[in-house]
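The values are calculated or read from the model by the stated rules, or taken from the named source; none is laboratory data. Here the structure is a predicted model, which is why all the values come from computation and not from measurement. As a convention, Cβ positions derive from the backbone with ideal geometry for all residues, glycine included, and neighbour counts pool all protein chains shown.
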Amino acid sequence: MDSTLQILQDNLGKALLDTAYMVVIATVIGVVLGTLIALLLYVTENRLFTPNATVNTVVGFIVNAIRSLPFLILMVVLIPLVQLLIGDPYTPTGGAISLSIAAVPFFARVAESAFSEVDPGLLEAAVSTGATIPQIIVGAVFPQALPSFIRGVVLTVISLIGYSAMVGTIGAGGIGDMAIQYGYNRYETGVLVIIVVILIVLVQVIQWVGDWLARSVTH
Amino acid sequence: MSDVNVIAGAGRDGASGTGTAVAGGADDAIILDHVSVTFHERGKDIEAVRDVSLTVARGEVYGIVGFSGAGKSTLVRTINLLERPTSGRVLIDGRDVTQSRGSRLRDLRKRIGFIFQGFNLITNVTVRENIEFALKAGGWPKSERQDRIKELLHLVGLETKLDSYPSSLSGGQKQRVSIARALANKPEILLCDEATSALDLETTEEILALLKRINRELGITIVFITHQLDVAKAVFDHVAVMEEGRIVEQGATFDVFAEPRHDTTRALVERYLGVAIPPQLVTSLPSGIIVELRYKGDDALEPLISRVAREHDVSIDVLHANVEYFGAQAIGTLLVLVSGPDSAVPEALDTLRSRVFGFRKLDRKALAAGGGSGSERKA
């Protein structure tokens, strides 16, 4: 019992910080770049904006290609790239890069589906006012898609917490790393149990906050 | 109907839209010149609009009626180029806009308001923001937007709903907001796509009154498409009847509906004006011939009926009567039972036929079976 407490005291704080660091960076990059790619897919697909089958197909293909790799494999494939970028891939920053590269196409599809749910009649009305495409995206599509968009961010954050455990196992640190090192390799069941409880509570809280936010922007 | 082809000479631009020469006069707000729209869907060509030509005068309310699927929605969308014609030209104020793109297209759309059956408001923002969206599109400076929003809401009678969300409004109120949005940039033209079809009877009348007022006071030309003849007769100056992508008949509203020449128009009018008698009543009627007479409101039919009855020694019983007003003019429909000696009845019918413009013998068997005389009349 002493050793369990000791391990938690020594490592849990840093592990949580590392996980938070990786997940936050990957979420921010994923949401920003993913949204831009989603907008590109959306405006090139919709006949009321600037339909462009070539751009749509090429971008769609790249997004699907990255998404078709299971994260475990993508992570391994990316090791040389990460090494090239920052030197040591087995750090939280290295983990954050791999996670970001997975998060961008994931969120791109999530955001694209949120935009596609916007009623085409509403788009016709918006286009009929003579608004520009940016005006329509900002003033009509975005407010209308916001609840789905927020739910998509929550989905992404929760998926990234899961993926962050995987980058942890190959040495990038974080709560997944800790669970494997102590709970699995050193038979510290107590550590494993505590981490499981923390993960459950964390995911519940994120989901709850996300749902509340999504509801508050739905009218 | 006495004849299949009544040549009334009443239709403006002649009998049909197709083939009409287009000469853009100064008073023509909208001219569609041989417009066709073809969609390609799953390897098939669907001709939604076929060679339609029509002219809408400045300041009038021009209606397009037809059953659903006739191509009305597609046609009205060619006016602000939400649908670009596959062939043909769209002229606004005499200028060919068919190939407008980019900022020229956006400038054109600012001059043409559009309201929809489903309102199409941005539901996650307030009434104020919905209208402000259009004002931003129109390039209104921030300092003037709030005054303009209040002015527009005053016009549609919704001043108190400035900061409400659309979900808290009734259907009629939502349509008022969408009218305010459509008028935000002071358009010269307002397009209405089944704008009252989602509303109840009373609300429909309120919205029509509002649109009429906008038409009259602001001088905005309105193009209104609907399948509801109530709407058509209440507000349209001119009407075009559409079927399978074509305009089959057009002219002044009263003329088109009083003397429909095309089967589709007749079917629409029948559905609306047709009188129905309960099938069980038909079987209990004395023997005789049931005739539907149609007359214009200025003809007095009562004296005619009693005179014919007296002259030919037959009895004429009125089974059902109905009068509908198109603007200031009325169309009456009368269902009568003519009975008497075998020799006298045909003569009496001939006399009646010569005195009314609509005459149709009805089949008793069909009536008793519940069909026949346009019994689908709307409630």
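Put simply, of A:Val63, A:Val82 the only residue that is on the phi < 0 side of the Ramachandran plot, in contact with a Pro (Cβ under 6 Å, 6 or more places away or on another chain) and modelled with pLDDT of 95 or more is A:Val63.
In the set B:Phe114, B:Phe119, B:Phe133, only one residue is within 13 Å of chain A (Cβ to nearest Cβ), surrounded by 20 or more Cβ atoms within 10 Å (Cβ to Cβ), in a strand (DSSP E or B) and touching a helix residue (DSSP H, G or I) at 6+ places or on another chain (Cβ under 8 Å); that residue is B:Phe114. Quick check on my filter: what residues within the stretch B:85-108 are out of contact with any strand residue (DSSP E or B) (no Cβ under 6 Å at 6 or more places or on another chain), farther than 23 Å from B:Trp140 by Cβ and free of Cβ contacts under 8 Å to residues at least 24 places away in the same chain? Matches in the stretch B:85-108: B:Arg95, B:Gln99, B:Arg101. Can you say whether B:Ile207 is in a helix (DSSP H, G or I) and either assigned by TED's automatic domain parsing to the domain that holds B:Tyr295 or in contact with a helix residue (DSSP H, G or I) (Cβ under 6 Å, 6 or more places away or on another chain) (or both), as far as the supplied structure shows? In short, yes. Scanning the stretch B:39-81 for residues being more than 19 Å from the chain's Cα centre (by Cα) and among the polar types (S, T, N, Q) gives a total of 1. For the stretch B:150-180, residues that are among the basic types (Lys, Arg) and either over 18 Å from B:Glu205 (Cβ atoms) or out of contact with any helix residue (DSSP H, G or I) (no Cβ under 8 Å at 6 or more places or on another chain) (or both) total 2.
Set side by side, the residues B:Val76, B:Val56, B:Val52, B:Val125 differ, and just one is at pLDDT 95 or above, part of a helix (DSSP H, G or I) and surrounded by 19 or more Cβ atoms within 10 Å (Cβ to Cβ), which is B:Val76. Within the stretch A:126-171, the set of residues being touching an Asp or Glu at 6+ places or on another chain (Cβ under 8 Å), buried (at least 23 other Cβ atoms within 10 Å of the Cβ) and away from chain B (no Cβ under 14 Å) comprises A:Gly168 only.
Any residue in the stretch B:84-95 that is among the hydroxyl-bearing types (Ser, Thr, Tyr), more than 10 Å from every other protein chain (Cβ to nearest Cβ) and crowded, with 18+ Cβ neighbours inside 10 Å? No: the stretch B:84-95 contains no residue that is among the hydroxyl-bearing types (Ser, Thr, Tyr), more than 10 Å from every other protein chain (Cβ to nearest Cβ) and crowded, with 18+ Cβ neighbours inside 10 Å. The requirement of being hydrophobic (A, V, I, L, M, F, W, C) and more than 10 Å from chain A (Cβ to nearest Cβ) is fulfilled somewhere in the stretch B:137-146, by at least one residue.
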